[in-house]
Amino acid sequence: MVAPQKNFSLIDELLAGQQQLQTPVARFAGAYDHGDTALSVQLIPLTAPGPGEQYAFEVDLDSCTGCKACVAACHSLNGLDEHETWRDTGLLVSPEPEHPFTQTITTACHHCADPACLHGCPVLAFEKEPITGIVRHLDDQCIGCNYCVLMCPYDVPKYNPARGIVRKCDMCHDRLGHGEAPACVQACPTHAISIVTVSTHVGTNSRVDTSAFLAAAPDPAHTQPTTRYVSKRALPKNLVAADAAVLQPQPPHWPLVVLLTLMPMAIGCSMADKIFSLPTPVLTIAGWLAGAAGLSLSVLHLGQPRRAWRIFLGLRKSWLSREAVVFGAWFPLATLYAAIRLGWIEAPDPLRSTLAIGTAVLGLAGLFCSVMIYVDTRREFWRFANTAPRFFGSALVLGVAGVLATPGAPQTIEFVLIAATLFKFAFELGALDPLHDANDHSPLTPALKTARLLAGPLRREFILRIVCGALGGVLLPLAIATGAAPAAVAWPALGLVILGELAERYLFFRAVVAPKMPGVGHA
């Protein structure tokens, strides 16, 4: 008797094919089924790092499935708050449809050999353990300024608004100290994550071999990340982040927007009052009020303002500390000079001249520190050639606009304001230059993404900035100069200039492209 022939449907064929796929989970399960312990390797080193060594994460890309077991374990063991993550998963893809390829990745703090977060922190809230090399965050020292968030090129430190501080992965150093694997390492079902010991000395230099770092990630030369991403396969060289084309405006940081508008105004008005020797102290008062308001409101940016007294601790390395110290010295001098200018205090000419020079020098030095705070983050939109003209240009424009609104202003001051405004516009409109020759196949550089942000999601704010600046800095001064408008129009012009500068500083924060690990969303 002949057995009836079984008919296989398409679904049966697909299911049979799935059973033959050698996924990481299938390989891992099969190894245990056959009693093979090769995959159950030692997950942490048996000895502490020696001299010139430190602990590091190693990720086996061939075994990572993107299942987020590591994310869940990290969140649970460390007692993280809702929406707070110290470990993330991401996705790399091939940009060529004819050669499809995807690669999941898992990423946390890279415990860099030269951590930018540590160097930028104004209150020394980071430390690098001398034996293990783990970069730890000291929660009780943190003032919640978020500068480490801006400094880190991998988006590792995460601000916790409920606690008012930043927190980050510490490689579960307590568990390692007791011979146990970190939560993410222990929870990974395929053992894709492990702790290894790496050398921090390559040749004659104190550097880490970053050849095993992820190729599509931000340049490792800056901070020397120690994480190793290994694979037996040759990954395509042109892999890109799955979210590479996403246009994501950054947080506006409103207290900093106000600070970085009013402090240039204070310095510009103070300088203009001295240069033009105006008969009334109106400009001095305006500059002092702007400085007092800017410095006072800047505290709102801190999650822990009562700890702000520590901000001088990072003076040796942090530009934020230097800015705070310099402006902290500028304000009492500016206050004393304003009192003398108002006639409240009698002072001899040598003292008056010394105060005038001292406030000018400290003001310019503080503004330079403000520029370097953002230049030091190494973000393309915040490079020195773009940031310095904006900050010092604001001081120039706002100072001259203040002179125009002051009684006894020079007759040609309108044209100085127009020239200053056009000078500043030249730098701001230059941010759109990458759009001229761009097409759908153009590389998504940070400059092009910034240009697309300004022309897309931030278009209304960009137009508002141009309109306010053009009205207050060009058209109204021109109307005053030609006699088409009375001198009293200078006050609305000053208001429009201030509003335009606030909009420009808002765009300065929102249009920057923040580096991060590829395919991993911002927290």
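What follows draws every value from the coordinates through simple rules; no lab data is involved. Please read these numbers as outputs of a predicted model, since none were measured by experiment. So basically every Cβ, Gly included, is an ideal-geometry build from the backbone, and we count neighbours across all protein chains shown.
Observations on the model:
- Estimated inter-spin distance, R459 and F423, nm [label 7 Å along Cα→Cβ]: 3.3 nm
- Rg [Å, one decimal], Dmax [Å, integer] - the range 274-402, C-alpha atoms: 16.1, 49
- Under 5 Å, built H, 5+ apart or other chain: amide partners of R228: F57, E58, V59
- Cα-Cα over 19 Å, subset of K168/K317; K317/K449; K128/K168; K424/K516: K168/K317; K317/K449; K424/K516
- Exposure rule at most 11 other beta-carbon atoms within 10 Å, DSSP loop trypsin sites (Lys or Arg not before Pro): the chain longest free segment: 7-231
- Once C-alpha pairs closer than 8 Å and six or more residues apart are averaged by separation and normalised to the residue number of the range 49-241, the relative contact order reads 32 percent.
- Extension gain for D174-D139 works out to 11.0 nm (0.36 nm per residue, less the C-alpha to C-alpha distance).
- Taking only the C-alpha atoms of the chain, the Rg (one decimal) and the largest Cα-Cα distance, Dmax (whole number), read 28.7, 124 Å.
- Approximating the spin labels as points 7 Å out from Cα along Cα→Cβ, the K317-to-A479 distance works out to 5.4 nm.
- Linear extension gain, D12 paired with N439, 0.36 nm per residue minus alpha-carbon span: 149.2 nm
- In nm, spacing of pseudo-spin labels at E96 and E82 (7 Å Cα→C-beta vector): 4.6 nm
- Net +/- balance of residues flanking Y337 in space, Cβ distance below 10 Å, scoring K and R +1, D and E -1: +2
- Over the range 49-241: Kirkwood hydrodynamic radius from C-alpha pairwise inverse distances, Å: 17.3 Å
- Rounded FRET efficiency, nearest 0.05, which uses the C-beta distance separating H222 from I275 and R0 of 41 Å: 0.55
- When the Cα positions of V489, T197, V208 are compared along the charge dipole of the chain, V489 comes out farthest toward the positive end, with charges on each C-beta of Lys, Arg, Asp and Glu.
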